[in-house]
Amino acid sequence: MREPRIAIVDDHQLFRSGVRAELEGLVEIVGDADGVDSAERLILDSSPDVVLLDVHMPDGGGVEVIRRVAPERPNTRFLALSVSDDAEDVIGVIRAGARGYVTKTISGEELADAIRRVHGGDAVFSPRLAGFVLDAFAGAAPAADADSELDQLTPREREVLQHIARGYMYKEIAHRLDISAKTVEAHVSSVLRKLQLSSRHELSRWAAERHLLDADS
């Protein structure tokens, strides 16, 4: 599978250059833009797979970029990359249509992994931000149904499920549970199969609807 084609949108030139340097050789960068108007032109002209999008810019920010181009480029996905970890910023850009939100403390390799996951259809969040989104979008589900479905999972699979729902990456889960990343991936595959789900995004939503983040991990 080819690496995703990305565009970088941020009003700070030094930051755009830094992101380019971090991602060089990991993904294909089609261009960068410093504001809403230039981002609109870039995205419509180059049709990137994923747009790395700053939330706050002087001429409208990430929400305005999504509003302008998403109807014209339905296959382009948006990943917010911001210094802000404010709940309103996170929820606002997700409601606008972004598939994820990570903070600028993320490493280059982690960012490349987040881009690939968003390109593949997953929703990706820095761990402490996932709860904002899950709280905002979670709906109620009958407890009996949740208990019945959870009974299919082993205790370890439930632990992995909770960590996935909180936004942790495989390597982070492996470190926290003292198992290998391949073992984490095997557990996720097993959980998806048992719950008849097809992606980590669906898994996160399933867990949120059943309030599993409130449970002890």
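The values are calculated or read from the model by the stated rules, or taken from the named source; none is laboratory data. All figures in this text were calculated on a predicted structure; none of them were measured in a lab. Ideal geometry is used to build each Cβ from the backbone, glycine not excepted, and the neighbour counts take in all protein chains shown. Surface accessibility is based on the protein's heavy atoms, side chains included, excluding ligands, DNA and RNA. Shrake-Rupley method; radii C 1.70, N 1.55, O 1.52, S 1.80 Å.
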*Qualifying position, being closer than 19 Å to Arg117 by Cα and over 20 Å from the mean Cα position of the chain (by Cα), among Glu40, Glu72, Glu24*: Glu24
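Which of the residues spanning region 100-126 are of a type in the set (Ser, Thr, Tyr), touching a strand residue (DSSP E or B) at 6+ places or on another chain (Cβ under 6 Å) and either outside any loop (DSSP other than H, G, I, E, B) or within 12 Å of Leu23 (Cα to Cα) (or both)?
Of all residues in region 100-126, those of a type in the set (Ser, Thr, Tyr) come to 101, 103, 105, 107, 126.
If we keep only those that are touching a strand residue (DSSP E or B) at 6+ places or on another chain (Cβ under 6 Å) as well, we get 101, 126.
Tyr101 - this is the single residue of region 100-126 that is of a type in the set (Ser, Thr, Tyr), touching a strand residue (DSSP E or B) at 6+ places or on another chain (Cβ under 6 Å) and either outside any loop (DSSP other than H, G, I, E, B) or within 12 Å of Leu23 (Cα to Cα) (or both).
Restrict the check to region 133-153 and report whether at least one residue is of a type outside the set (D, E, K, R), open to solvent by 20 Å² or more (accessible area, probe 1.4 Å) and modelled with pLDDT of 80 or more. Talk me through it step by step, then tell me what you get.
So the first thing to find is which residues in region 133-153 are of a type outside the set (D, E, K, R), and the list is 133-134, 136-144, 146, 148, 150, 152-153.
Narrowing further to those that are open to solvent by 20 Å² or more (accessible area, probe 1.4 Å): 134, 136-144, 148, 150, 152.
Checking which are modelled with pLDDT of 80 or more leaves us with 152.
The answer is yes; a qualifying residue exists.
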_Ser47, sole failed condition from (1) open to solvent by 30 Å² or more (accessible area, probe 1.4 Å); (2) at negative phi_ = (2)
*Any chance His187 is touching a Lys or Arg at 6+ places or on another chain (Cβ under 8 Å) and modelled with pLDDT of 75 or more*: yes
*Those residues that are within 16 Å of Asp49 (Cα to Cα) and either in contact with a His (Cβ under 6 Å, 6 or more places away or on another chain) or open to solvent by 30 Å² or more (accessible area, probe 1.4 Å) (or both), I need them from region 1-19; list them, please.*
Met1, Arg2, Glu3, Pro4, Arg5
*Of all residues making up region 162-198, the number that are touching a His at 6+ places or on another chain (Cβ under 7 Å) and open to solvent by less than 30 Å² (accessible area, probe 1.4 Å)*: 1
_All but one of (1) open to solvent by less than 60 Å² (accessible area, probe 1.4 Å); (2) outside any helix (DSSP H, G or I) hold for Asp85; state the number of the condition that does not hold._
(1)
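Is it fair to say Val118 is under 21 Å from Arg166 (Cβ atoms), crowded, with 22+ Cβ neighbours inside 10 Å and at pLDDT 90 or above?
On the way: under 21 Å from Arg166 (Cβ atoms): yes; crowded, with 22+ Cβ neighbours inside 10 Å: yes; at pLDDT 90 or above: yes.
The answer is yes for Val118.
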_Close pairs from region 157-176: first among the hydrophobic types (A, V, I, L, M, F, W, C), partner not in a helix (DSSP H, G or I), Cβ under 7 Å, at least 6 apart_ = Leu161/Leu153; Ala174/Ser180
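This table checks each residue for (1) at pLDDT 85 or above; (2) small (Gly, Ala, Ser).
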residue	(1), (2)
Glu157	yes, no
Lys171	yes, no
Ile179	yes, no
Lys182	yes, no
Leu203	no, no
Ser217	no, yes
*Give the residue that is most open to solvent (accessible area, probe 1.4 Å), with candidates limited to residues of region 24-43 that are in contact with a helix residue (DSSP H, G or I) (Cβ under 6 Å, 6 or more places away or on another chain) and part of a helix (DSSP H, G or I).*
Glu40
_Failed item, numbered, when Phe125 is tested on (1) in contact with a Gly (Cβ under 6 Å, 6 or more places away or on another chain); (2) modelled with pLDDT of 90 or more_ = (2)
